[in-house]
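Here you go, one structure.
The values are calculated or read from the model by the stated rules, or taken from the named source; none is laboratory data. If you're wondering where the values come from, they're calculated on a predicted model, not measured in any experiment. Methodologically, a virtual Cβ is constructed for each residue, glycine included, from the backbone with ideal geometry; neighbour enumeration extends over all protein chains shown. Surface accessibility is based on the protein's heavy atoms, side chains included, excluding ligands, DNA and RNA. Shrake-Rupley method; radii C 1.70, N 1.55, O 1.52, S 1.80 Å.
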Amino acid sequence: MKDALWLIAGMTAVTFLTRASFLVFARTLRFPPAVRRALRYVPVAVLPALVVPMALLPGGAWSPTPANPYLVGTVVAAAVAIRTKKTLLAIVLSFVVYLVWRLLFA
Amino acid sequence: MKPASPWLAGVRDTVPMLVGAAPFGVIFGALAVGAGLSPVATLAMSACVFAGSSQFVAVSLIGAGAALPVIWLTTLVVNLRHALYSASLLPYAQGWPLAARLPLSFWLTDESYAVVEHRLRTGLADGGLAYAFGSSLAMYLNWLAFTAVGVLLGREAPGLADWGLDFAMLATFAAIVAPQLKHRPSLAAAVAASAVALLGHGWPYKLGLMAAAVAGVAAGLAAEAASARKEGAA
């Protein structure tokens, strides 16, 4: 597939463009304090925005029930992480719960 | 415990992200080969593009027979959130040389961003650059290795994508962000962003995600202003 070269070249270029967009200007660009304050909320906004739809709409179907393995697993991951501050433990435990739920309800 | 070098600390703090991203690399490798991409092209895409979600979208577009410009444009829009990450890291990167900022931009993923931004924001700015390199390189090698595993497994286990391994990323992001939501403005940002993300779930190109990010930041700032007013009144 000769097109693969162009496919990858184009995707590489646009992806790098988004990632370097601000960082290349770090020497010359200074954000005002209000913007810096706003940007501190990027992680706590974007990560839940990635997680919540996947947990509540697995495969695109609205499923806010205790039989939904994605939802139960996500709640376990969050709870363990908050209680123990151990991210890896939270991931492993929640994955086990998720798998059990899948076996039971899927 | 002896304090690790910042480089190693970056790797260590990224280990949970590696575990979460690994199954995605496997699924990507398997799906890409299944969609007709050669093993070399599949590995090259992971090595050059290094952006999981847009790689998945590209593979499904290839499967649907989309034209190249469509795939490029979709990649751009799906990756727009990286511009937010880039902006958010900028205040910390002012002392970093361009020769470091360029590779770190190339390696900027959801996972490394979450880990590195947290480290820099919580004041452990010492060795921030080495820390970022450690986290980024770990993610990169992990993604390449597990893409290769997927390419190999894809031929043996065609139904791999339906095993439910996609939960790993969910667990990773939930585990890293949940402990950060202890202050009311952060919680407000998370709730608003989640609500908008649910509403915009069906929008094309993950534009719902961008709208959610904007709504979350606005809610966080509003809650911060409200609590400042309350303290001022007390």
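What's the average, rounded to a whole number, of partner chain beta-carbon atoms within 10 Å of each residue's beta-carbon in A:30-39?
Working: counts 3, 4, 0, 1, 1, 4, 4, 6, 8, 10.
Mean partner-chain Cβ count within 10 Å for A:30-39: 4.
How do B:Asp110, B:Asp166 stack up against each other in accessible area, from largest to smallest, with a 1.4 angstrom probe?
Numbers: B:Asp110 15, B:Asp166 55 Å².
Most to least solvent-accessible, the answer reads B:Asp166, B:Asp110.
Quick one: how many lysine pairs in the protein assembly as shown have C-alpha atoms under 29 angstrom apart, if they're 8 or more apart or on different chains? Before the final figure, lay out the partial values.
Numbers: A:Lys2/B:Lys206; A:Lys85/B:Lys2; A:Lys85/B:Lys182; A:Lys86/B:Lys2; A:Lys86/B:Lys182; B:Lys2/B:Lys182; B:Lys182/B:Lys206; B:Lys182/B:Lys230.
Within the protein assembly as shown, the lysine pair count is 8.
Tell me what chain A gives for mean residue ellipticity at 222 nm when only DSSP H runs of n ≥ 4 count, each as -39,500 (n - 2.57), the sum divided by the residue total, rounded to 500 deg cm²/dmol.
Helices in chain A give a 222 nm mean residue ellipticity of -24500 deg cm²/dmol.
A further question follows. Between the alpha-carbon centers of the range B:112-148 and the range B:16-56, tell me the distance in whole angstrom.
Result: 19 Å between the Cα centres.
Summing +1 for each Lys or Arg and -1 for each Asp or Glu, what net charge is found among the other residues whose Cβ lies under 12 Å from the Cβ of B:Glu224? Walk me through the intermediate numbers first.
Values: positive: A:Arg37, A:Arg40, B:Arg184, B:Arg229, B:Lys230; negative: B:Glu231.
Result for the neighbourhood of B:Glu224: +4.
Now for a separate question. Ordering A:Arg36, A:Arg27 by how much accessible area each has at a 1.4 Å probe, largest first, what is the list? Each step should come with its number before you reach the end.
On the way: A:Arg36 105, A:Arg27 125 Å².
Heavy-atom accessible area, descending, gives A:Arg27, A:Arg36.
Calculated from DSSP H runs of 4 or more alone, at -39500 (n - 2.57) each and per residue, what is the 222 nm mean residue ellipticity of chain B, nearest 500?
Working: 11 runs with 175 residues, N = 234.
Here the helix-only value at 222 nm equals -25000 deg cm²/dmol.
Ok, one more. Per-residue HN-Hα couplings for the range A:85-96, Karplus 6.51 cos²θ - 1.76 cosθ + 1.60 at θ = phi - 60°, whole Hz, x for Gly and Pro?
6, 9, 4, 5, 4, 4, 5, 5, 4, 5, 5, 4
Note down the magnitude of the dipole of the range B:85-234 about its Cα centre, charges +1 on Lys and Arg C-beta and -1 on Asp and Glu C-beta and zero elsewhere, to the nearest 20 debye. Don't skip to the answer; put the middle values down first.
Details: 9 positive and 9 negative charges, 82 e Å.
Taking the Cα centre of the range B:85-234 as origin, the dipole is about 400 debye.
Okay, next question. Other chains' Cβ within 10 Å of A:82-93 residues: what's the mean?
On the way: counts 6, 2, 2, 2, 3, 15, 8, 2, 8, 15, 4, 2.
Mean inter-chain Cβ contacts per residue within 10 Å come to 6.
Quickly rank B:33-42, B:54-63 as a protection proxy: mean count of other C-beta atoms within 10 Å, highest first. Don't skip to the end; give the middle numbers.
Numbers: B:33-42: 17.4, B:54-63: 20.6.
Peptide ranking by packing, descending: B:54-63, B:33-42.
At 1.4 Å probe size, with every protein chain present, just tell me what the per residue accessible area of the range A:3-105 comes to in Å². Working shown, then result.
Values: 5180 Å² over 103 residues.
Accessible surface, normalised per residue, equals 50 Å².
Hey, what do the phi angles of the range A:24-39 turn into as Karplus ³J(HN,Hα) couplings, whole Hz, using 6.51/-1.76/1.60 and θ = phi - 60°, x for Gly and Pro?
5, 9, 4, 6, 10, 8, 10, 7, x, x, 5, 5, 4, 5, 5, 5
Please give me the summed charge of the neighbours of B:Met139: other residues whose Cβ is under 10 Å from its Cβ, Lys and Arg +1, Asp and Glu -1.
-2
Taking every residue in B:138-151, how many Cβ atoms of other protein chains lie within 10 Å of its Cβ, on average? Could you put the intermediate results ahead of the total?
Details: counts 0, 0, 0, 0, 0, 0, 0, 0, 0, 0, 0, 0, 0, 0.
Mean shielding count: 0.
Moving on to the next point. Please list 3J(HN,Hα) in residue order for the range B:84-101, calculated via the Karplus relation 6.51 cos²θ - 1.76 cosθ + 1.60 where θ = phi - 60°; whole Hz, with x for glycine and proline.
4, 4, 4, 5, 5, 7, 3, x, 8, 9, 5, x, 7, x, 4, 4, 9, 5
Then there's this: Among B:Ser60, B:Ala188, B:Ala4, whose Cα projects farthest towards the positive end of the dipole of chain B, with charges put on the beta-carbon of Lys, Arg (+1) and Asp, Glu (-1)?
B:Ala188
Taking the highest mean first, how do the peptides B:168-180, B:18-30, B:203-215 order by number of other beta carbon atoms within 10 angstrom per residue?
Details: B:168-180: 25.5, B:18-30: 23.7, B:203-215: 19.3.
Packing proxy ranking, top to bottom: B:168-180, B:18-30, B:203-215.
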